[in-house]
1. Only one of Asp133, Asp85 is closer than 20 Å to Leu225 by Cβ, in the same structural domain as Asp192 (by TED's automatic domain parsing), acidic (Asp, Glu) and surrounded by fewer than 23 Cβ atoms within 10 Å (Cβ to Cβ). Can you tell me which?
2. When the residues of the stretch 77-93 are narrowed to those that are of a type outside the set (D, E, K, R) and over 15 Å from the mean Cα position of the chain (by Cα), which ends up farthest from Gly50 (Cα to Cα)?
3. Can you say whether Ala195 is exposed (fewer than 14 other Cβ atoms within 10 Å of the Cβ), out of contact with any Cys (no Cβ under 8 Å at 6 or more places or on another chain), assigned by TED's automatic domain parsing to the domain that holds Glu73 and among the hydrophobic types (A, V, I, L, M, F, W, C), as far as the supplied structure shows?
4. Among the residues in the stretch 34-46, are any without any contact (Cβ under 8 Å) to a residue 60 or more places away in the chain and over 19 Å from Tyr147 (Cα atoms)?
5. Right, Thr196: at pLDDT 95 or above, of a type in the set (S, T, N, Q) and not in a helix (DSSP H, G or I) or not?
6. For Leu227, only one of the following conditions fails: (1) touching a Phe, Trp or Tyr at 6+ places or on another chain (Cβ under 9 Å); (2) within 30 Å of Asp203 (Cα to Cα); (3) among the aliphatic types (A, V, I, L, M). What is its number?
7. Looking at (1) under 17 Å from the mean Cα position of the chain (by Cα); (2) assigned to a helix (DSSP H, G or I); (3) in contact (Cβ under 8 Å) with a residue 40 or more places away in the chain; (4) more than 22 Å from Asn145 (Cα to Cα), which is the only condition Ala26 fails?
8. When the stretch 102-117 is examined, which residues are found to be among the charged types (D, E, K, R) and farther than 11 Å from Ile75 by Cβ?
Amino acid sequence: MKLTRRGFFKGLLLATAAALTSCVYAFAIEPGLRLRIQRWAISPKGWTAGKLRLAIVSDIHVGEPYVGLARLERIVAQVNRLEADLVLFLGDYAAGHKFVSKPVKIADAAPILGKAKGRLGTYAILGNHDWWDDRTAQKTGGYPNLYATALEAAGIPVLSNRAIKIGGFWLAGLEDQLALLRKEKGIIGLDDLPATLEHVTDDAPIILMAHEPDIFPKVPHQVALTLSGHTHGGQVRLFGWSPIVPSRFGGRFAYGHIVEDDRNLVVSGGIGCSILPVRFGVPPEITVVDLS
């Protein structure tokens, strides 16, 4: 088939239009307007605590134009409509990119998050950006952290290398694995998995909140389910593949329900953006896990 000059320019025009449409979708519609409920039904080996619904929100990265206070209100309202037993926030409340048109302070965002209600409570952990954004905490190398302080003031307990018993299971929160930025030593974590699990005093199953999924290979079998965020599913995901994943394991723990050696991990795609304000193929989500 002979390609004519007219045909060439028509094809070029269509390709340009498709590229522009994709850019608008990736930089505006998917990150700023979409919100899906991603559901997983899991029956972990050794789970003895009956049916339990978890509503999980990760990587909010508050800040206009994508996640302002009005959108945060809508997200929390959607969480409450799910009637979950536990509402869990997995860290990274701080903005994660430099394209914020209007900053949102955690002191203003936390009271909205505090409206999220689970039948058995609402709990949180911190993420790397929550440490990186707190200059005082970076200097002192630990708590107090302004994000944890704001969440606690809003009635949301922050679990830092700690586990608590709730009914017939334990809820554990691991401190962040990439918390402190040090020129000489690189990035230092404040996580302590053995110390976290020392709080567990019986054989009841454990749900572990860990912002980065990279800890998963070290998680013992008594942990029925590990919940993580951080990766945003790679932010760009094509046919189940993410070209760039912020993990030393590459795409191994990029997104979704992962089972290894009878151990379960769920990685949420999260809400906001990091580095660049773009999402394509992995829209913002509230993650729901139904355990049985």
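1. After applying the criteria, what remains is Asp85.
2. Top of the filtered list is Ala77.
3. Yes, satisfied.
4. Among the residues of the stretch 34-46, not one is without any contact (Cβ under 8 Å) to a residue 60 or more places away in the chain and over 19 Å from Tyr147 (Cα atoms), which makes the answer no.
5. no
6. Checking Leu227 against (1) touching a Phe, Trp or Tyr at 6+ places or on another chain (Cβ under 9 Å); (2) within 30 Å of Asp203 (Cα to Cα); (3) among the aliphatic types (A, V, I, L, M), the one that fails is (1).
7. Exception for Ala26: condition (1).
8. Lys102, Lys105, Asp108, Lys117
The values are calculated or read from the model by the stated rules, or taken from the named source; none is laboratory data. Since this is a predicted model, take the numbers as computed values, not measurements. Cβ sites come from the backbone with ideal geometry, for glycine too, and all protein chains shown count toward neighbours.
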